[in-house]
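Report on the structure given below.
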Amino acid sequence: TVFDREFMIDQVVNDYIELLEKHNASKKEIKAVYKKYWKYDSVRMSCVKECILNKEYDQALKYLDKCIKLDYKDQSRYERDIEMKKDIYQKQGNKEGYREMMKVIVLDFYDAGIEEYIELKNLYTSEEWVKERDSIIKQINSDWLLCDIYAHENLHKQLLDSIIRSNNKSLLKQYTRLLKDEYPEQLLHMYRVAVETEAEYARSRTYYHQLVRDLRTMKCIDGGDKVVDEIINKWKVQYKNRSAMMDELSRI
């Protein structure tokens, strides 16, 4: 296969470079080999790592820019290249470059989380950050990261709006404790819509258990007792033929 062939060539080229280095070949000779086999990932990486080892950071950054042009469609390689650039900027004490790479990580990486966001935030003064933060928030596509950021920044109204917009019950459950004292009515409304929709399709004890858990959560929110009683009374009429469901509801 193509993959096996590339792997073989990778191995041979890297062995060849090692051999050249062992026999004190000139930098020019080694560079020529790198150039010839540049399209192979491990060749590119050994070239970059060699520069980092020799503290030739500017050269390593130039090579990494070339790598990124080839790797940007492959998420894991692209992420690795950006991380390497970030580490070099950190070593150089280049704050501007470090910030830029952290921005790319927060905005472009699928697995970026609140830790990366905080690392980026720590590169700014409090005054600088307020302006920067709003620009970054506007560009974030992940509901999960956005909600984590709003929670971290104590922006509770924005957090609530984001959960409503996402219509994601997992997010609602995650932030119930944080928001229930400030926004009890809104949370109860979201739970009510969720459980009533789910009850229509629930047909097994597993689902009924989950509904009961959600109703118990609602009872912990101010005004929840009244809403839960209304729902249960409605279901006792609507779903009276579902004996397993009636059994579970009697446990609340």
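The residues in the range 107-152 that are open to solvent by less than 40 Å² (accessible area, probe 1.4 Å) and either within 20 Å of L187 (Cα to Cα) or touching a residue at least 24 places away in the same chain (Cβ under 8 Å) (or both) can be counted, and the count is 15. Within the range 173-184, the set of residues being part of a helix (DSSP H, G or I) and open to solvent by 20 Å² or more (accessible area, probe 1.4 Å) comprises K173, Q174, R177, L178, P184. Against the list (1) crowded, with 16+ Cβ neighbours inside 10 Å; (2) within 25 Å of K234 (Cα to Cα); (3) among the aliphatic types (A, V, I, L, M), the condition V193 fails is (1).
Restricting attention to the range 94-152, the residues that are of a type in the set (S, T, N, Q) and in a helix (DSSP H, G or I) total 3. For the range 202-252, the tally of residues that are of a type in the set (V, I, T) and not in a helix (DSSP H, G or I) stands at 2. So for the range 186-196 (the condition being closer than 29 Å to D225 by Cβ and of a type in the set (V, I, T)), does at least one residue qualify? Scanning the range 186-196 turns up at least one residue that is closer than 29 Å to D225 by Cβ and of a type in the set (V, I, T). Test L187 against the criterion of being within 30 Å of R99 (Cα to Cα), at pLDDT 95 or above, in contact with a Ser or Thr (Cβ under 9 Å, 6 or more places away or on another chain) and assigned to a helix (DSSP H, G or I), and give yes or no. Taking the combined requirement at face value, the residue does not satisfy it. Counting only residues that are open to solvent by 30 Å² or more (accessible area, probe 1.4 Å) and in a loop (DSSP other than H, G, I, E, B), how many does the range 40-88 have? Total satisfying the criteria: 6. Per the listing V212, V193, V228, V237, the residue uniquely out of contact with any His (no Cβ under 9 Å at 6 or more places or on another chain) and under 30 Å from I137 (Cα atoms) is V193.
Looking only at the range 198-247, residues that are more than 21 Å from T176 (Cβ to Cβ) and either open to solvent by 80 Å² or more (accessible area, probe 1.4 Å) or not aliphatic (A, V, I, L, M) (or both) come to 18 in all. Residues in the range 54-81 that are over 25 Å from A112 (Cβ atoms) and at pLDDT below 90: N54 alone.
The values are calculated or read from the model by the stated rules, or taken from the named source; none is laboratory data. On a predicted model such as this, the values are computed, not experimentally measured, just so you know. As a convention, Cβ positions derive from the backbone with ideal geometry for all residues, glycine included, and neighbour counts pool all protein chains shown. Keep in mind that these areas ignore ligands, DNA and RNA; they rest on the heavy atoms of the full protein, side chains included. Shrake-Rupley method; radii C 1.70, N 1.55, O 1.52, S 1.80 Å.
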